[in-house]
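Colleague: Below you'll find the structure I mean.
The values are calculated or read from the model by the stated rules, or taken from the named source; none is laboratory data. Fair warning: this is a prediction, and the values are worked out from it, not measured in the lab. Cβ placement follows ideal geometry from the backbone for every residue including glycine, while neighbour counts extend to all protein chains displayed.
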Amino acid sequence: MAPPPLTLTIDLGARSYPIHIGAGLLGDRARLEAGLPGGRLLIVSNVTVAPLYLARLRASLGSRADAECILADGEATKSLATLGLLYDRLAAARIGRDGAILALGGGVIGDVAGFAAATWQRGIACLQLPTTLLAQVDSSIGGKTAINHAAGKNLIGAFHQPVAVLADLDTLATLPDRELRAGLAEVIKSALIKDPGFLDWLEASLPKLLARDPAALAEAIRRACLIKAAIVVEDERESGARALLNFGHTFGHAIETASGYGEWLHGEAVAIGMVLAAETSARQGWLGRAEVLRVRTLLERAGLPVKAPRIGLARAHELMSLDKKAAGGRVRLVLLKSLGHAVFTGDYDGRALEAVLAEEVA
């Protein structure tokens with residue numbers, strides 16, 4: 001049985017908002033409307049999620065839910081072409097400054113709908129309704145919105161905090177197993193960067209999580225959201241501590257881009273990236289081999305890939321140098337001093353990184 005709904009708060013002063021976690025939230029009109037302005041609404045979803053949950057959302061909102069835009073599924077949807085389509089739909093639906101976008105879907109929908117909200121009429125409200133585990137614990141929280149470019153992932157974007165996040169646990173029942181595992185990668189990431197006790201809990205609770213035990217999922221989402229919330233409050237615009245949330249992502253984004261968006265799920269690429277980051281940390285002398293093995297074993301138990309595709313050394317360097325965290329021509333990395341203690345640094349031994357890339361991607 002799912003536990004009763006709970007609410008966390010992202011405390012950003014005038015931009016503060018709640019994260020609601022619980023079952024049945026798409027049917028909770030009071031929570032849905034609490035942060036919305038009084039103008040017209042546009043629901044943005046995709047061809048996979050809309051048949052499952054759009055009717056439930058529209059029934060909750062009644063006559064307010066009279067405009068929608070249903071997009072294709074997949075990472076390729078995060079494009080300038082999709083953004084243009086959303087602008088056309090916003091114009092046709094006469095969404096003004098007092099209107100809002102409701103992002104019903106996974107991370108792709110949240111990112112592209114959030115970016116449309118950030119830029120339409122210089123910014124309108126966005127309500128995030130994440131339907132995947134990955135989106136519920138990561139991409140829907142913190143206001144990072146973006147689309148992709150051929151040169152790299154998430155290169156075009158804006159910070160735009162939502163008015164609220166409603167993580168309805170019921171939507172995880174229809175999530176494909178592969179998507180569930182991809183979401184667990186971001187949950188594991190949270191523990192690795194900030195909370196060794198949470199890592200212990202995940203190792204013990206993994207069978208329940210893979211079996212979709214509602215109480216275990218609710219607890220994992222709660223703890224991962226608490227970690228992200230604390231980091232976002234400390235560093236909203238990623239000038240320092242928030243970069244820790246990108247553990248595994250510099251490697252992972254390179255893999256996604258080199259392989260073509262869609263071959264790897266984001267969480268799968270991040271899982272591989274976390275292994276490469278752990279290996280680099282070990283070559284720095286920060287992690288022992290037993291700790292690297294512990295990271296790799298947990299990811300493997302979660303059904304996630306841990307072996308990088310052979311994208312080539314030159315291509316890996318090219319893509320990693322385009323990473324948004326690079327500075328002064330130096331790739332900056334999130335590495336582990338120990339399990340549960342991450343650092344964001346450009347001060348690492350370049351030979352350590354070269355050795356890992358030569359072994360894993362060349």
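Colleague: In the list Ala146, Ala151, which residue meets the criterion of being modelled with pLDDT under 95 and farther than 29 Å from Ser338 by Cα? Steps first, answer last, please.
Modeller: Working: Ala146 fails: modelled with pLDDT under 95.
Residue meeting the stated conditions: Ala151.
Colleague: Could you give me the residue pairs with C-beta distances under 6 Å whose first residue belongs to region 287-316 and is of a type in the set (Phe, Trp, Tyr), whose second residue is surrounded by 17 or more Cβ atoms within 10 Å (Cβ to Cβ) wherever it lies, and which are 6+ apart or on separate chains?
Modeller: none
Colleague: If you don't mind, another one. Kindly indicate which of Ala271, Ala282 is at pLDDT 95 or above, touching a helix residue (DSSP H, G or I) at 6+ places or on another chain (Cβ under 8 Å) and closer than 20 Å to Val187 by Cβ.
Modeller: On the way: Ala282 fails: closer than 20 Å to Val187 by Cβ.
Result of the check over Ala271, Ala282: Ala271.
Colleague: Among the residues that make up region 84-106, is at least one of them within 20 Å of Leu245 (Cα to Cα) and not acidic (Asp, Glu)? First the steps, then the outcome.
Modeller: Start the filter on region 84-106 by keeping residues that are within 20 Å of Leu245 (Cα to Cα), which leaves 106.
Then drop every residue that is not not acidic (Asp, Glu), which leaves 106.
Yes: region 84-106 contains one or more residues that are within 20 Å of Leu245 (Cα to Cα) and not acidic (Asp, Glu).
Colleague: Looking only at region 45-62, decide whether some residue is over 22 Å from Val112 (Cα atoms), of a type outside the set (Asp, Glu) and touching a residue at least 60 places away in the same chain (Cβ under 8 Å).
Modeller: Taking every residue of region 45-62 in turn, none turns out to be over 22 Å from Val112 (Cα atoms), of a type outside the set (Asp, Glu) and touching a residue at least 60 places away in the same chain (Cβ under 8 Å).
Colleague: In this structure, is Leu26 among the aliphatic types (A, V, I, L, M), closer than 17 Å to Thr171 by Cα and surrounded by 21 or more Cβ atoms within 10 Å (Cβ to Cβ)? If you could, list the steps in order and put the result at the bottom.
Modeller: Working: among the aliphatic types (A, V, I, L, M): yes; closer than 17 Å to Thr171 by Cα: yes; surrounded by 21 or more Cβ atoms within 10 Å (Cβ to Cβ): yes.
Answer is yes for this residue.
Colleague: Okay, moving on. From Ala167, Ala151, which residue is under 12 Å from Thr132 (Cβ atoms), touching a residue at least 60 places away in the same chain (Cβ under 8 Å) and not assigned by TED's automatic domain parsing to the domain that holds Ala271? Full working, then the answer.
Modeller: Numbers: Ala151 fails: under 12 Å from Thr132 (Cβ atoms).
Exactly one of Ala167, Ala151 is under 12 Å from Thr132 (Cβ atoms), touching a residue at least 60 places away in the same chain (Cβ under 8 Å) and not assigned by TED's automatic domain parsing to the domain that holds Ala271, namely Ala167.
Colleague: Evaluate region 212-222: report whether one residue or more is of a type in the set (Lys, Arg), buried (at least 16 other Cβ atoms within 10 Å of the Cβ), in contact (Cβ under 8 Å) with a residue 60 or more places away in the chain and in contact with a helix residue (DSSP H, G or I) (Cβ under 8 Å, 6 or more places away or on another chain). Steps first, please.
Modeller: Restricting attention to region 212-222, the residues satisfying the condition of being of a type in the set (Lys, Arg) are 212, 222.
Next, from what is left, pick out any that are buried (at least 16 other Cβ atoms within 10 Å of the Cβ): 222.
Imposing the further condition that a residue be in contact (Cβ under 8 Å) with a residue 60 or more places away in the chain reduces the set to 222.
Filter once more, so that each one left must be in contact with a helix residue (DSSP H, G or I) (Cβ under 8 Å, 6 or more places away or on another chain): none.
Checked region 212-222: no residue is of a type in the set (Lys, Arg), buried (at least 16 other Cβ atoms within 10 Å of the Cβ), in contact (Cβ under 8 Å) with a residue 60 or more places away in the chain and in contact with a helix residue (DSSP H, G or I) (Cβ under 8 Å, 6 or more places away or on another chain).
Colleague: While we're looking at this one, here's another question. Taking region 56-105 on its own, how many of its residues are crowded, with 17+ Cβ neighbours inside 10 Å, of a type outside the set (Asp, Glu) and in contact with a His (Cβ under 9 Å, 6 or more places away or on another chain)?
Modeller: Final tally of qualifying residues: 1.
Colleague: Out of Ala277, Ala282, Ala271, Ala316, report the one residue that is surrounded by fewer than 22 Cβ atoms within 10 Å (Cβ to Cβ) and either in a helix (DSSP H, G or I) or touching a strand residue (DSSP E or B) at 6+ places or on another chain (Cβ under 7 Å) (or both). Spell out how you get there, then give the answer.
Modeller: Values: Ala277 fails: surrounded by fewer than 22 Cβ atoms within 10 Å (Cβ to Cβ); Ala271 fails: surrounded by fewer than 22 Cβ atoms within 10 Å (Cβ to Cβ); Ala316 fails: surrounded by fewer than 22 Cβ atoms within 10 Å (Cβ to Cβ).
Testing whether each residue is surrounded by fewer than 22 Cβ atoms within 10 Å (Cβ to Cβ) and either in a helix (DSSP H, G or I) or touching a strand residue (DSSP E or B) at 6+ places or on another chain (Cβ under 7 Å) (or both) leaves just Ala282.
Colleague: From the list Ala72, Ala100, Ala117, which one is touching a Pro at 6+ places or on another chain (Cβ under 7 Å) and either in the same structural domain as Arg222 (by TED's automatic domain parsing) or within 20 Å of Ala146 (Cα to Cα) (or both)? Working first, answer last.
Modeller: Numbers: Ala72 fails: touching a Pro at 6+ places or on another chain (Cβ under 7 Å); Ala117 fails: touching a Pro at 6+ places or on another chain (Cβ under 7 Å).
Just a single option satisfies the conditions, and that option is Ala100.
Colleague: Would you mind stating whether Arg212 is of a type outside the set (Phe, Trp, Tyr) and in a helix (DSSP H, G or I)? Don't jump to the end; show me each part of the working.
Modeller: Numbers: of a type outside the set (Phe, Trp, Tyr): yes; in a helix (DSSP H, G or I): no.
Spelling it out, it is not the case that Arg212 is of a type outside the set (Phe, Trp, Tyr) and in a helix (DSSP H, G or I).
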